[in-house]
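Here's the structure, in structure tokens; my notes come after.
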Amino acid sequence: MLYKSLFRPLLFLLNSEDAHHLAMRSLKLSRYIGVPFLLRKMMRVDKLNKPKIVAGLVFNNCIGLAAGFDKHAKHLHALQDLGFGHIEIGTVTPLPQEGNPKPRLFRLPKDQALLNRMGFNNDGVEAIYRRLQKRPKGLIVGANIGKNKITPNEDAVRDYEVCFEKLFSVVDYFAINVSSPNTPGLRELQEKDSLMKILSRLQELNKKKASQKPIFLKIAPDLTEGQLHDIVDVVLHTKVSGVIATNTTTSREGLMTNKAKVEAMGAGGISGKPLQKRSTEVIRYLKEKSHGMFEIIGAGGVFNREDLVEKEEAGASLVQIYTGFIYEGPFIVRKLLK
């Protein structure tokens, strides 16, 4: 494939974050020079789509783009041309924040993985709200929301409230991010009492609306069995729509990349193939322990059709990709659905 033989090697010569911005600018530019028609013709998967109803929403297909790729909701029109059934923007916080110091995104090609410690860099909920008012039609858009780094955990629920209320009219669903390893203390919010407080409050706000929006909880892959049991209890109790399993992992076990090289990259979460097995285990556990009482969106290590089927058989209604998109290229949705 041309992407793997030509474009990917060129992009991989650049710093990971610079390569990402170049690719996104190229996609955006393509829309102004008559390329969208060609993109749609080459990459869209209309004849392969099998619409699916999940949490009351009709998805054109089961493949979504995970949060973190289009953090600022700047490229939804171009990404829609690639055939995604849904796109999750963010993570969005109430106030703009720069995130962690660069470099903060690294490739591990031997492992088909990425390591990131982005730190919720985003333009803030006000700017993203304005952009989403011009979102493309016919595309399911979710908002992944989180708290600002400066917000203490005891006040975190307020940050989630602000984002939920501001974005409610311009997105189709919400993903509650309490599982990124790159905001200090954030994963502490996955404990039962904290989760119950946040999700109960958001559901309280949700029920006041004329029409409610699905709410998903995005969890880490590094939770113990006891913690996963608590997740099931909280989701069933609060009656949110389901769980996104999973975020990135802090584990460094089983990597083929030189240990010293990984250590030099520093802290951060790993996504891609090293996450595949664990994320599937979490999906299967949630499905079994909940007796299928809530929806599960699978994320972690989906690169090919076999990976997709694995997630679905474990219990995922939809899947999301990120690292697979980086390594496999813009035809990945078509390849997965074929």
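The values are calculated or read from the model by the stated rules, or taken from the named source; none is laboratory data. All values derive from a computational prediction rather than experimental measurement. Here Cβ is always computed from backbone atoms with ideal geometry, including for glycine, and neighbour counts include all displayed protein chains.
Here are a few things to note about the model shown:
- Remark: L108 matches the filter, which requires a residue to be surrounded by 20 or more Cβ atoms within 10 Å (Cβ to Cβ), more than 19 Å from G242 (Cα to Cα) and over 14 Å from the mean Cα position of the chain (by Cα).
- For segment 310-324, residues that are in contact with a strand residue (DSSP E or B) (Cβ under 7 Å, 6 or more places away or on another chain) and closer than 25 Å to P109 by Cα total 6.
- Test for P184: is it within 30 Å of M256 (Cβ to Cβ) and surrounded by fewer than 19 Cβ atoms within 10 Å (Cβ to Cβ): yes
- Being more than 16 Å from V162 (Cα to Cα), of a type in the set (V, I, T) and free of Cβ contacts under 8 Å to residues at least 24 places away in the same chain is true of T224.
- Failed condition for A210, given (1) among the small types (G, A, S); (2) surrounded by fewer than 19 Cβ atoms within 10 Å (Cβ to Cβ); (3) under 16 Å from the mean Cα position of the chain (by Cα): (3)
- Note on segment 61-84: residues that are in a loop (DSSP other than H, G, I, E, B), more than 12 Å from the chain's Cα centre (by Cα) and not small (G, A, S) total 8.
- Residues that are in contact (Cβ under 8 Å) with a residue 40 or more places away in the chain, in contact with a His (Cβ under 8 Å, 6 or more places away or on another chain) and not in a helix (DSSP H, G or I) do not occur anywhere in segment 208-219.
- Matching residues in segment 111-122 - criterion: being under 17 Å from the mean Cα position of the chain (by Cα) and either farther than 22 Å from F325 by Cα or not aromatic (F, W, Y) (or both): A113, L114, L115, N116, R117, M118, G119, N121, N122
- Which numbered condition T183 misses (of (1) at pLDDT below 95; (2) over 15 Å from P94 (Cα atoms)): (2)
- Qualifying residues in segment 246-272 (those that are in contact with a Leu (Cβ under 9 Å, 6 or more places away or on another chain) and assigned to a helix (DSSP H, G or I)) - the one farthest from A55 (Cα to Cα): K261
- Among the conditions (1) at pLDDT below 85; (2) surrounded by 14 or more Cβ atoms within 10 Å (Cβ to Cβ); (3) over 18 Å from R334 (Cα atoms); (4) aliphatic (A, V, I, L, M), L29 misses just one, which is (2).
- For segment 142-171, residues that are assigned to a strand (DSSP E or B), of a type in the set (A, V, I, L, M) and over 17 Å from S194 (Cα atoms) total 1.
- Cross-chain or 6+ apart pairs with Cβ under 7 Å, segment 63-92 first and closer than 16 Å to P136 by Cβ, then among the acidic types (D, E) and modelled with pLDDT of 95 or more: G64/E88; L65/E88; H72/D123; L76/D70; L79/D70; I87/D70; I89/D70
- Filter pass, L115 being part of a strand (DSSP E or B) and either surrounded by fewer than 20 Cβ atoms within 10 Å (Cβ to Cβ) or of a type outside the set (K, R) (or both): yes
- Close Cβ contacts (under 8 Å, 6 or more residues apart or on different chains) running from residues in segment 253-267 that are on the phi > 0 side of the Ramachandran plot to residues that are part of a loop (DSSP other than H, G, I, E, B) and surrounded by 10 or more Cβ atoms within 10 Å (Cβ to Cβ) comprise G266/R117.
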